[in-house]
1. Which aspartates and glutamates have a Cα less than 20 Å from the Cα of residue 21, not counting those fewer than 8 places away in the same chain?
2. Specify the angular offset, from 0 to 90 degrees and rounded to the nearest 10, of the alpha carbon long axis of helix 162-177 from the longest principal axis of the alpha carbons in the chain.
3. Return the loop-located GluC sites (Glu not before Pro) in region 62-140 (DSSP other than H, G, I, E, B) with at most 12 other Cβ atoms within 10 Å of their own Cβ; answer none if there are none.
4. Considering only the other residues whose Cβ falls under 12 Å of the Cβ of residue 8, what net charge follows from Lys and Arg at +1 and Asp and Glu at -1?
5. For residue 141 and residue 13, compute 0.36 nm times the residue count separating them, minus their Cα-Cα distance, and round to one decimal in nm.
6. Tell me which trypsin sites (Lys or Arg not before Pro) from region 105-143 have a DSSP coil assignment and no more than 13 other beta carbons within 10 Å of their own.
7. Just tell me which lysines come within less than 29 Å, Cα to Cα, of residue 41; anything on the same chain fewer than 8 places away is out.
8. Could you tell me the relative contact order of region 50-141? Use alpha-carbon pairs under 8 Å, at least six residues apart, and round to a whole percent.
Amino acid sequence: MDKFDKQIIAFFSKIQGRLEKAPQIAAETALEHFQNALIQKQWNGVPYQPYKNKRREPSRGSLMYRTGNLFRTLRIIYVTEGSIKFSAGSSRVPYAKIHNEGGIINHPTRTSIVTHREYKTGKFKGKTLFARNNEKATYSQRSTIPAYSVHMPQRQFMGKSPALLKDIKTRIKINFKTR
């Protein structure tokens, strides 16, 4: 083998190594993109739909990133030459799919025990308020809560997007230019 052949073989082996890394780079880029969507509270530049009733909006944390549980369940399942599979949600985070796709959550009829406490002294004197079911409770009663549905707006954080494709192409091009 002469010098030219050795250089061609070295060049193609160098390219082959970078081509083998391309799916992993694409997967890591996509995972970062999905995590940023949750942090920035938007998908493809469209912000998530806010709460309809501002009084019911939780006072702590941010929409979709309150506890970080959903964020921590985002992961890459596998990467092959032709495909990448991601996962979001778990048994502790069953709401990932409904948030990403939107839809209606149907709650069945249920019964519950409601506990009250009558206050004789203090700042709540003369009032009867909901209380914990313990020895301080004055009385309890069984209550039936009828079936109801909740409309969950789509707050997508995973999927195909032009911005994601652009990010993947940029990272792979940078990988080919360096080294």
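Throughout, read-outs are computed from the coordinates displayed, never taken from laboratory work. Everything numeric in this text was worked out from a predicted model, so none of it was measured. With ideal geometry, Cβ positions are generated from the backbone for all residues, glycine too; neighbour counts draw on all protein chains shown.
1. Of all the aspartates and glutamates, those that pass the test against residue 21 - Cα under 20 Å, at least 8 places apart if same chain - are 32, 81, 167.
2. Once rounded, one gets 40 degrees.
3. 81, 135
4. Around residue 8, the surrounding residues sum to +1.
5. Extending this stretch completely gives an extra 38.5 nm.
6. On the way: sites: 110, 117, 120, 123, 125, 127, 132, 136, 142; in loops: 120, 123, 125, 127, 132, 136.
Here the trypsin sites (Lys or Arg not before Pro) that fit, given the DSSP loop and packing criteria, are 120, 123, 125, 127, 132, 136.
7. Counting by Cα, and skipping residues close in sequence, residue 41 has these lysines nearby: 52, 54, 85, 97, 160, 166, 169, 173.
8. Contact order relative to length: 15 percent.
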